[in-house]
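Enquirer: First the structure, which I've put down as structure tokens, then a few questions once you've had a look.
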Amino acid sequence: ANSHRLWPEIDRVVKQEVSMASLGVGECGSGWQLFAEDGEMRMFRREEEMDGMVVDPLKAVHVVKGITGHEVCHYFFNPQYRYDWETTLEHMIVLETVSEDTLIFHQTHKRIWPASQRDVVFWSHTRRLPNDQDRDGPDIWTVVNNSTEHPDHPANAGKCVRIFLTVCLLCQTRVDPPKDGAPVSRDDITCKITYCSVVNPGGWAPASVLRAVYKREYPKFLKRFTAYVKNQTKDKPIMY
Ligand SMILES: Cc1cccc(-c2n[nH]cc2-c2ccc(F)c(-c3ccc(S(=O)(=O)CCO)cc3)c2)n1
């Protein structure tokens, strides 16, 4: 709801994250290095440190047939599906339902040896965006997750080290209607997914360990999540 205390921040961060995600990896200037590739999925990172901590921005692009951007964002945003695809999730709770398109989460994730266990508090907002290029094409959908504070879960009050993240999932759908005028089926739709994330790991964690975790976890996450959405939607009507 645009009367909520977080609304100005949410609107600003969503706009800036969507514009960053929309840039190609070539256009962001140099610095993006391809570190993983699997079929249509390509993962890029920039090696950046802040106060001696690895905060490598990540940009993943993936093209998946048979699902729409609305469906991808629906399964990414809604908490009831998260345990099905987020394999490192140990505990998740919705701290606040700001509106039907904005939630505040607290999550604890499985510990990555030798670092201590991490937790995160973030607002999550999903939005349909007008498709500037193609007026009558399907809309663009996004989910932005951005760390925030919450009185019930102060940072580093318990056993977990609080991490800080900004994540943007940006999805553009393409429909190639069948030549013979048959109704559009899932074989005629394609979704271009861009997943951007910047994670500040909070307390100390060895750069080599973090980079190894990212190299292993990000490709696994995106492959698993998109396969989950394909499987969940395959026998359902297309959600544009
Ligand atoms: C996919 C991925 C990348 C990098 C690290 C890991 C990982 N491995 N073991 C523990 C974690 C871990 C620790 C803390 C976190 F906050 C998240 C975390 C990751 C993604 C998101 S999200 O916002 O993209 C999706 C919602 O869960 C939120 C938190 C993941 N997983």
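The values are calculated or read from the model by the stated rules, or taken from the named source; none is laboratory data. Remember, predicted model here, so these are calculated numbers, not experimental data. Every residue, glycine as well, gets a Cβ built from its backbone with ideal geometry; the counts of neighbours run over all protein chains shown. Quick note on the areas: whole protein, heavy atoms, side chains included, nothing else; ligands and nucleic acids left out. Shrake-Rupley method; radii C 1.70, N 1.55, O 1.52, S 1.80 Å.
Enquirer: Go through (1) of a type outside the set (Phe, Trp, Tyr); (2) more than 16 Å from the ligand (Cβ to nearest atom); (3) touching a residue at least 40 places away in the same chain (Cβ under 8 Å); (4) not in a strand (DSSP E or B) for Val64 and report which single condition fails.
Expert: If we test Val64 against (1) of a type outside the set (Phe, Trp, Tyr); (2) more than 16 Å from the ligand (Cβ to nearest atom); (3) touching a residue at least 40 places away in the same chain (Cβ under 8 Å); (4) not in a strand (DSSP E or B), just (4) comes out false.
Enquirer: Something else now. Return yes when Gly203 is open to solvent by 20 Å² or more (accessible area, probe 1.4 Å), more than 14 Å from the chain's Cα centre (by Cα) and touching a residue at least 40 places away in the same chain (Cβ under 8 Å) and no when it is not.
Expert: yes
Enquirer: Does segment 136-155 hold any residues that are surrounded by 12 or more Cβ atoms within 10 Å (Cβ to Cβ) and modelled with pLDDT of 95 or more, and which are they?
Expert: Passing the criteria: Ile140, Trp141, Thr142, Val143, Val144, Asn145, Asn146, Ser147, Thr148, His150, His153, Ala155.
Enquirer: Taking segment 109-131 as the region of interest, how many residues are near the ligand (Cβ under 8 Å from one of its atoms), part of a strand (DSSP E or B) and in contact with a Leu (Cβ under 9 Å, 6 or more places away or on another chain)?
Expert: Adding up the residues that qualify gives 4.
Enquirer: Any idea which residue in segment 180-223 is farthest from the ligand (Cβ to nearest atom), counting only those that are small (Gly, Ala, Ser), within 23 Å of Thr87 (Cβ to Cβ) and not in a loop (DSSP other than H, G, I, E, B)?
Expert: Residue satisfying both the conditions and the ranking: Ser208.
Enquirer: Given (1) part of a strand (DSSP E or B); (2) away from the ligand (no atom under 15 Å from the Cβ); (3) in contact (Cβ under 8 Å) with a residue 40 or more places away in the chain, identify the lone condition not met by Arg174.
Expert: Here Arg174 clears every test but (3).
Enquirer: Looking at this structure, is Met92 of a type in the set (A, V, I, L, M), over 29 Å from Thr173 (Cβ atoms) and open to solvent by 20 Å² or more (accessible area, probe 1.4 Å)?
Expert: Against the criterion (of a type in the set (A, V, I, L, M), over 29 Å from Thr173 (Cβ atoms) and open to solvent by 20 Å² or more (accessible area, probe 1.4 Å)), Met92 does not qualify.
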